[in-house]
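The structure under discussion appears below in the form of C-alpha cells.
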Amino acid sequence: MTKRRPAVVVLAAGRGTRFGGPGHKLAQRLDDAPGDDSVLARTLRHAIATRLPVVVVTTPALAPEAHRLVAARDVVTLPERDASGRPLPVGMGHSIAAGVSATGDADGWLVLPADMPLVQSATISAVAQGLERYPVCYAQYRGMQGHPVGFGTELYSELTALRGDEGAKRIVARYAAQPIAVDDPGVHVDIDTVEDLARLRR
C-alpha cells in the first residue's frame, strides 16, 4: 500500500503586529551570522526536508522570502488590501482555507505556523504518519499539544470554509484529535515578540 502524502501548509500571512521590532518577525534572521536563515526560511527548510508537498500562504511583502526555497506555484499570496485600499482579513482561518484549496489533491494537510522554526522534520513526518490512522492529529511533547496539526481529506470542505482568526480549533475539538507523541520541544516554541527571538538566538 502506498503511503499517504499530505501537504504541509506553512502559514506565513499574519501581520505579526505583536513583534514590536523593525521589520516582519518572519523575515528576522535566527543568527547574526551573514547568510543565516530567516525565521520563515528555517521553518520551510524543515518542512521541505520531509519530502512532502509544501505550500506557503503568505503576503506580497514576504513572498520573495518564500520564493527562495519554494517554487512559485507553491506560494499562495494573499492580498493585504482590496481594490479600494481597505485592509483585507488575513486571519489564520483564511490562510488555512487558501492553503488547503491550493492543494486539494493532497492526501490530507499538516498545518504549520511559519513562526515555529524549531519544529523538526521528523515531527512533521510523524504527524503525517498519524493521518494514516486518524482524521485529525497533532504533535504532542510531554503531554502538551503543539504543531503541526494534521487533517484528513474528509475535512476538505470544512477547512476551505474557515475564516477569521480562530483557525481550525473547532474542527480539532469536534473530531477528537489524537496526539502523536514526539521528542521535540520545538512544537511549543513560536516567535511572537522581539524577546522570543532573542531567547532563540541565545
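The values are calculated or read from the model by the stated rules, or taken from the named source; none is laboratory data. Nothing here was measured: the structure is a model prediction, and the numbers come from that model. All Cβ positions, glycine included, derive from the backbone under ideal geometry; neighbour counts span all protein chains shown. Each accessible area value is taken on the protein alone, full model and side chains, heavy atoms only, with ligands, DNA and RNA left out. Shrake-Rupley method; radii C 1.70, N 1.55, O 1.52, S 1.80 Å.
Things worth noting here:
- Sequentially through the range 37-46, phi angles give Karplus couplings (6.51, -1.76, 1.60; θ = phi - 60°) of 4, 7, 4, 4, 4, 5, 4, 5, 4, 5 Hz, Gly and Pro residues having no value and appearing as x.
- Efficiency of FRET between Ser84 and Lys169 - r from beta-carbon atoms, R0 25 angstrom, step 0.05: 0.20
- Long-range amide H partners of Leu78 with built H, under 5 Å: Thr58, Thr59
- Residue of Gly91, Gly14, Gly164 that the Gaussian network model of the chain assigns the largest fluctuation, springs spanning Cα pairs under 10 Å: Gly164
- Phi-derived couplings, Karplus 6.51 cos²θ - 1.76 cosθ + 1.60 at θ = phi - 60°, listed residue by residue for the range 193-202: 10, 4, 5, 4, 5, 4, 4, 5, 7, 5 Hz, with x used for Gly and Pro.
- Label selected from (i) 17.5; (ii) 26.5; (iii) 16.9, the criterion being Kirkwood radius over Cα pairs in Å as computed here: (iii)
- Taking amide hydrogens as placed 1.01 Å from N in the peptide plane, the amide H of Val54 sits under 5 Å from those of Val8, each at least 5 positions away in sequence or on another chain.
- Rolling a 1.4 angstrom probe over the chain with all protein chains present gives an accessible area of which 50% lies on carbon and sulfur atoms.
- Antiparallel DSSP beta bridges within the range 1-142, as percent of all bridges there, nearest 5: 15
- The Rg/Rh ratio of the range 23-62, with both radii computed over alpha carbons and Rh defined as the Kirkwood radius, is 1.00.
- Each stretch of four or more DSSP H residues adds -39500 (n - 2.57); spread over every residue of the chain, this sum gives -7000 deg cm²/dmol at 222 nm.
- Taking all protein chains into account, the per residue accessible area for the chain stands at 50 Å² (1.4 Å probe).
- Packing rank of 106-116, 172-182, where each peptide gets the mean count of other beta carbons within 10 Å, highest leading: 106-116, 172-182
- For the range 93-137, the spread of Cα coordinates along the three principal axes comes to 27, 25, 15 Å, biggest extent given first.
- Rough spin-label spacing in nm, given labels placed 7 Å along Cα→Cβ, for Asp183 and Ala198: 3.3
- Vicinal HN-Hα couplings computed from phi for the range 105-121 (Karplus, 6.51 cos²θ - 1.76 cosθ + 1.60; Hz; Gly/Pro x): 8, 6, 8, x, 9, 10, 8, 10, x, 5, 8, 10, x, 8, 5, 7, 4
- Database remark: amide H of Val149 closer than 5 angstrom to the amide H of Val111 (H placed geometrically; neighbours at sequence offset of 5 or more, or on other chains; Pro and chain starts carry no H).
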